[in-house]
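First up is the structure itself, then whatever we jot down about it.
Please treat every number below as a calculation from the coordinates, not as lab data. Keep in mind it's a predicted model, so treat the numbers as computed, not measured. Using ideal geometry, Cβ is built from the backbone for each residue, glycine included, and neighbour counts are taken over all protein chains shown.
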Amino acid sequence: MGKTIHCRIKARLENVEELKTNHPDYSFSLKLKCTGCGEVSDKWHDIIESEKFPGKTGRSENNYIAKCKMCGRENSLDIVPGSNASYTNEDSEKLKSIVAFECRGIEPVEFRPLEGWIVKVDGSSKIYNEVDLSEKEWVEYDENIQESVGVYDFDYKLS
C-alpha cells in the first residue's frame, strides 16, 4: 500500500455547470519525485487510468512504472479507481479533489492541465469536448444562452 496524493483544482467558472476530464482516457501530465532519493524528473509524465503496464515481477499492473535514474529504484503510481470527480459551479473558486493517485516510491510535485477537459454549459444543452486548459483559462461564446462561457484562474494543489 502506498501513499495517496489528491490533485485538487480551483477555478473561477462563468456559466459553466460542470468541468471534468474525459475520464478514463484523460492524460494527467505530472512531474514526479522519487521519495527514495528526492530526485525530481525534468520531464512531464502522462498518467492515464485506462492504460496499464506490467511491473517487473509481472504480478501487478500499474498506470505508471519507472526506475529512478538516480537511485535505480522501481517506483509505480496508479489512479485510484472511482476517484475522478467533476468540478461544478458550486465548487467555483474553491479547492476540490478531482483525482487521487496511489503512489509507491514516487509522488507528483507538479500538474499541468492539457487538452481533454469537458465543459457543460449552465442553462444550455451545449457541451464542449476536448477543452484545452494548458493556458490556465478558456473562454467561448454560447449562442444558446447568448453569453460567454469560461474557466479562469485555474490552479491546483497536490497533497
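Once phi is turned into θ = phi - 60°, what whole-Hz ³J(HN,Hα) does the Karplus curve with 6.51, -1.76 and 1.60 give for every residue of the stretch 139-149, x standing for Gly and Pro?
Along the stretch 139-149, the couplings run 9, 9, 10, 9, 5, 4, 9, 6, 8, 6, 10 Hz.
What residues qualify as long-range amide H neighbours of T21, i.e. H under 5 Å apart, gap of 5 or more or another chain, H built at 1.01 Å from N?
For T21, whose amide H was placed from the backbone, the distant partners under 5 Å are I118.
Which entries in K20/K67; K31/K69; K31/K96; K10/K120; K31/K67 show an alpha-carbon gap greater than 26 Å?
Numbers: K20/K67 31 Å; K31/K69 14 Å; K31/K96 20 Å; K10/K120 17 Å; K31/K67 14 Å.
Over 26 Å apart, Cα to Cα: K20/K67.
Compute all pairwise cysteine Cβ distances in the chain, then list the cysteines with no distance under 4.7 Å to another cysteine.
Cys with no partner Cβ under 4.7 Å: C7, C103.
Once the convex hull of the C-alpha atoms of the stretch 66-159 is built, how many Å³ does it hold per residue, rounded to a whole number?
122
Counting Lys and Arg as +1 and Asp and Glu as -1, each charge on the Cβ, what is the dipole of the chain about the Cα centre in debye, to the nearest 20?
1240
How much net charge surrounds P81 when only the other residues with a Cβ under 14 Å from the Cβ of P81 are counted, with Lys and Arg +1 and Asp and Glu -1?
Once all neighbours under 14 Å are counted, the net charge is -4.
Enumerate by residue number the GluC sites (Glu not before Pro) in the stretch 24-62 meeting two conditions: DSSP loop (anything except H, G, I, E, B), and at most 16 other Cβ atoms within 10 Å of the site's Cβ.
E39, E51
Pick out, in residue order, every one of the trypsin sites (Lys or Arg not before Pro) in the stretch 73-159 that is DSSP loop and has at most 12 other C-beta atoms within 10 Å; say none if there are none.
K94
So what's the net charge close to V16: Lys and Arg +1, Asp and Glu -1, counting the other residues with Cβ under 9 Å from its Cβ?
My count for the surroundings of V16 gives -3.
Looking at the stretch 90-119, which GluC sites (Glu not before Pro) are DSSP coil and have at most 12 other C-beta atoms within 10 Å of their C-beta?
E93
In Å³ and rounded to a whole number, note down the convex hull volume per residue for the Cα atoms of the chain.
On the way: hull volume 16.6 nm³, N = 159.
In the chain, the Cα hull volume divided by residue count equals 104 Å³.
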